Amino acid sequence: MAISKLSLRLFLVSFLSIFCNSAFSVSSSVSSDTICNLTPYPSFCESNSPNGHGDIHEYGRFFVEKSLSSSKMFFSLLSQYLKSSSKFSNSTILALQDCHLLLDLNKRFLSKTLKTINSTDTLGGSEDENFHTLLSATLTNQDTCLNSLQETTSNPDKDLLTHLSNGTKLYSISLAIFKRGWKAKNNTEKKLGRNMWEQRLYELIRRRGRKLLQLGVDNNVVVNQSVVVNPDGSGNYTTINDAVAAAPNNSQGSNGFFVIHVVGGVYEEYVSIPREKQYLMMIGDGINQTIITGNHSVVDGWTTFNSATFGN
């Protein structure tokens, strides 16, 4: 029996429609096992999933919220341990302090992510990169916390290890679902995790280096104030930490950047940038010229995290 071109076309359209509807779609309502199979921990995901069906965005919000709750519980547990610090060695206390700081960051990252994805099902190219970075950072923070605990004791507390393990799984699941539900498919405007304004600064630094110190405004990048650190006393400050302490709290960037020029020399300091001082830029005189050094080590009772001479 002959089949007309019109009949064949209608058949193909019907077939493709049925096929596409049966295939996994991020916007359709699907079962937990379908979504959980996209994650690194399918069984853990399914056993902790909401009842019934839902789309990828509902699952994403659910697991980010669950991750946030987990981080708050772990943070609270760490706070209790630190109140009983007399029970622990100095090195273990340092490890607990590492974890406390890192879990505080995780709470902030997850809270910020949840607030955004609760209000939208789509994110722009640079925006999805920002939140992808935040969710990835939560996993790095968990791993750093675990390393600190393992370095300071041969038998870490089981409650701490359980919270770390469950948190890592929840963060991994949240990241995997976020990448499927919110990450832009054709990301033509990747900005290295920066917004457009910060990207211009990045390009400016890459092209001009320390010439930025002579600039006030360039390409809409505002430098509000610049100071010089020089051990010989000829600058504004003799230590990097003094310069950092003088920088204003600036979480929005509305007043421009506080630039610190660290003159060549050896600085025996441990520099930590408070999170409130976000629009702070530090420029040295180059490799093997401006050197920040210290002597903290695991052998002497410090954690690897606390041995960094520069952090935030």
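Points to keep in mind about this one:
- For the criterion of being closer than 14 Å to LEU164 by Cα and part of a helix (DSSP H, G or I), PHE62 fails.
- From the options SER111, SER119, residue that is outside any helix (DSSP H, G or I), of a type in the set (S, T, N, Q) and surrounded by fewer than 17 Cβ atoms within 10 Å (Cβ to Cβ): SER119
- All positions within segment 275-297 that are assigned to a loop (DSSP other than H, G, I, E, B), farther than 13 Å from ALA243 by Cβ and not acidic (Asp, Glu): ARG275, GLN278, TYR279, GLY286, ILE287, ASN288, GLN289, GLY294, ASN295, HIS296, SER297
- None of ASP104, ASP98 is assigned by TED's automatic domain parsing to the domain that holds LYS169, touching a Phe, Trp or Tyr at 6+ places or on another chain (Cβ under 6 Å) and among the charged types (D, E, K, R) except ASP98.
- Among the residues listed as ASN187, ASN224, ASN219, the single one being touching a Pro at 6+ places or on another chain (Cβ under 9 Å), modelled with pLDDT under 90 and more than 21 Å from SER76 (Cα to Cα): ASN224
- Restricting segment 71-86 to residues that are of a type outside the set (Phe, Trp, Tyr) and buried (at least 21 other Cβ atoms within 10 Å of the Cβ), the residue that is farthest from LEU105 (Cα to Cα): LEU78
- Residue list for segment 242-265, restricted to those being under 24 Å from the mean Cα position of the chain (by Cα) and surrounded by 15 or more Cβ atoms within 10 Å (Cβ to Cβ): VAL244, ALA247, ASN250, GLY253, GLY256, PHE257, PHE258, VAL259
- Any pair with Cβ under 9 angstrom, 6 or more apart, that starts in segment 98-115 at a residue that is basic (Lys, Arg) and ends at one that is modelled with pLDDT of 95 or more: LYS107/LEU68; LYS107/SER71; LYS107/LYS72; LYS107/PHE75
The values are calculated or read from the model by the stated rules, or taken from the named source; none is laboratory data. As the structure is a computational prediction, the values presented were derived from the model and not from experiment. Methodologically, a virtual Cβ is constructed for each residue, glycine included, from the backbone with ideal geometry; neighbour enumeration extends over all protein chains shown.
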